[in-house]
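Below is one structure; the comments refer to it alone.
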Amino acid sequence: MTNALLDLLVLAVLTGVCWPVLRRLRARPLAATALVLIVLTLVFDTLMIRAGLYVYDPDKILGIYVWGAPVEDFAYAIAAAVGVPVAWTVLGRRTRSRDEAGRQDEAGPAAAPATDPAAGPATDPAAGPATDPAADPA
Amino acid sequence: MIRFAYLGALLVSLGGLALIDRRWRLAFWAQPRRAALTIGVGVLAFLAWDLAGLALGIFARGDSPHMTGVLLAPELPLEEAFFLALLCYSALLAWRAFDRRAARSEAMRTEAARTEAARAGRDGSRAEGGPGA
């Protein structure tokens, strides 16, 4: 399998798995993050390859370079821009109570009374609408 | 000492990101547990991707003298884990900053619209001769 194929496979699976969460996030901050990471990759991938930190099998890459970075390497930047915000969002549902217990406690009681009055009238009309006008003036 | 050049550069970079994080309370200085888990999950996922690339013979460790030579797996240098942490941390900080700014400008727009609506309502009632008359 070539690098391009592996990268496309990884990005397709990642996007598929992340999609339900990803579609609810603001698009512009995600795009801006991807752009920042792409520029960083362009500069630092070039430097890292020049420094000989890693080498590619020339038969397994497309051979298309953006400055000194093989075009496939930008898949890492895109994956980070997709996966990290989604991971943060998903993990927040489980860890927020421990990280900001104070804020969570403030939100808890405030949310509870808001639902209770709504629950009352919602069940009352079923019991009998005729009793409500009589009860209100009294 | 040259063996520690790459690892050292990665650690200095991570330190720089930590300063940004602390200054604007973006990740570890906002919700430490959530930030640690996010970076941890990201690094593990990228390491799995790296291992797939290595197994397929797509890339290999270079003969650079700038690495410690400590390996996490065959052909997978210790430095790669720190590099991936740097990638994930950069992504997290950039996104948190951009998203926070977007959320604030949304909130300001909503507030401005609400103020405008309230003012229009007050002006309307005054025109009808409410409080003035």
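Note on B:R33 and B:E116: the extension gain reaches 25.8 nm, defined as 0.36 nm multiplied by sequence separation minus the Cα-Cα distance. Which whole-number percent gives the relative contact order of the range B:2-127, counting Cα pairs below 8 Å spaced six or more residues apart? Rounded, it is 34 percent for the range B:2-127.
Length available on full extension from B:R25 to B:A55: 0.36 nm per residue minus the Cα-Cα distance, which gives 6.9 nm. Here's how it looks for B:L72: its modeled amide H is under 5 Å from those of B:L78, which are all 5 or more places away or on a different chain.
A loss of 50 Å² or more of accessible area (1.4 Å probe, protein heavy atoms, ligands and nucleic acids excluded) relative to the isolated chain is seen in these residues of the range B:84-104: B:L87, B:A91, B:W95, B:F98. Pairs of Cα atoms nearer than 8 Å and 6+ residues apart set the relative contact order; for the range A:22-89 it is 43 percent.
Jot down the per residue volume, in cubic angstrom and as a whole number, of the convex hull over the alpha-carbon atoms of the range B:2-127.
138 Å³
Quotient of the Cα radius of gyration of the range A:22-89 and 2.2 N^0.38 Å, N being its number of residues: 1.26.
The values are calculated or read from the model by the stated rules, or taken from the named source; none is laboratory data. Quantities reported herein were computed from a predicted structural model and do not represent experimental measurements. Only protein heavy atoms, including side chains, enter the accessible area calculation; ligands, DNA and RNA are left aside. Shrake-Rupley method; radii C 1.70, N 1.55, O 1.52, S 1.80 Å.
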